[in-house]
Every structure is written in structure tokens, then in C-alpha cells.
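Working notes, beginning with the structure itself.
The values are calculated or read from the model by the stated rules, or taken from the named source; none is laboratory data. Predicted model, so just to flag it, every value in this text is computed and none were measured. Ideal geometry is used to build each Cβ from the backbone, glycine not excepted, and the neighbour counts take in all protein chains shown.
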Amino acid sequence: MTTVRQKHTRRGALSVCAAVVLAVTAGGCGNGGDDAKPSAAVRTAPPAVEPGTPPTASRSPADPDPDSEAETEVLRVYSAMSAERMKAYRTASARGTDLAEYAAPGVLSAFSAELARMRKDRTVIRGDLGHRPRVTRLDTGAPLPTARVEDCVDQSERRVLDTLTGWPMPLPTDQPSRYRVEATVERGDSGRWKVTGYDPDLSQPC
């Protein structure tokens, strides 16, 4: 394997109290002794606002947490790189993959060297690799935003085939079926995150 060194909407609530004034007038008494008939008029006073209180405006939804967005993007990039890498393993070639979209030149160079060894040994990989990545460190405020990803790679479903015979080759006995990988993911001047370091540790089962 290769060794190379990611609200609530607060709405202002304005409680308005309306003062209702009821005016009642009584009619005068005439010679005919008519009963006085009251008439009522209702007026609504303007809302009561304390002096010096600025008007309350409704607030827009809170902005998303930038660190949460960055972590999501870091894991997406790392997972996409892992998928493209597995695609390259199936043919022992990076041709037709998008590895360069997710891996920085140094990591891509190491992957290419590994694929060249596979071609020399006439091997390809079938099956799949399991992954459980998580972000263990994230610094989006640094001049070069950086994330550290820890992954547990499960190769129990991976099979190495001899391209001449088509026969599967046994997994080396000194390799665990699951091992730990530490990766570095950085956001460059283009604003895109890329995997800049990839360090599998076969001595560390997970």
C-alpha cells in the first residue's frame, strides 16, 4: 500500500398592546320624554412603544457553522479520493479516474508508483475496501486551512488477482484485515480541499 505523508430562526417578536377608548354620549331629553339612547364610538390607539426603543426587525436565519461545512467537505473529498483510488486498483491504472481532482501531486505521485508496481507484478484488485473516516483535527482559521482524517480501512473483501492466471493471490500474513490510515487534507488558494498526505499504518489494526 502507499505511504505518503476536512438555528433556529430567531424572529423578533413585537408584542403590540392596543389601548381601546370607549366614548359614550347620552342624548338630551325632549318634551316628548324620549329615552336617552347611548351611542358608542371605538377608537384604536397606536401601539405603545417605550421611548428610546429601536424598532425590532425580523432576523434572517442564522448562518451555517463554517467548521461544520468544512468538515463535511473534507470527508467528501477524502471519500471521493478513496473511491477513485479503488477504481484505479481494478485496472492498475489511474487512466479514466478522477484521482487528480482529489489528491494533491505528492499523493498522486505515490499512488501512480504503486499502480506501476501492480502492472509490473501483473496484479489487479477486485472486491472493495471498507472505510470509516472521521475528522480528528480541523483548523479553518490557519493561513492554510488543514484537516486531519483518521480512517479504518477494511480489506477483508479485497482480492488480489494474477492477471495471467486470473487466480486470487493470498493476502500477506503480516497484514491485518483492518488497518489505520491517517490523512492530511488542505484547502489551497483555489478554495478546494485536496488530500495532501496519506499514511497507512499496517502495524495498527483497528
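A few notes on this one:
- Some residue of the stretch 152-172 being β-branched (Val, Ile, Thr), more than 21 Å from residue 123 (Cα to Cα) and under 31 Å from the mean Cα position of the chain (by Cα): no
- Annotation note: of 117, 137, 187, 148, the sole residue that is exposed (fewer than 13 other Cβ atoms within 10 Å of the Cβ), within 19 Å of the chain's Cα centre (by Cα) and not β-branched (Val, Ile, Thr) is 137.
- Screening 158, 180 for residues that are surrounded by 15 or more Cβ atoms within 10 Å (Cβ to Cβ), modelled with pLDDT under 95 and over 19 Å from residue 104 (Cα atoms) leaves exactly one candidate, 158.
- Subset of the stretch 70-98 [in contact with a Phe, Trp or Tyr (Cβ under 9 Å, 6 or more places away or on another chain), of a type in the set (A, V, I, L, M, F, W, C) and more than 26 Å from residue 166 (Cα to Cα)]: 70, 74, 77, 80, 81
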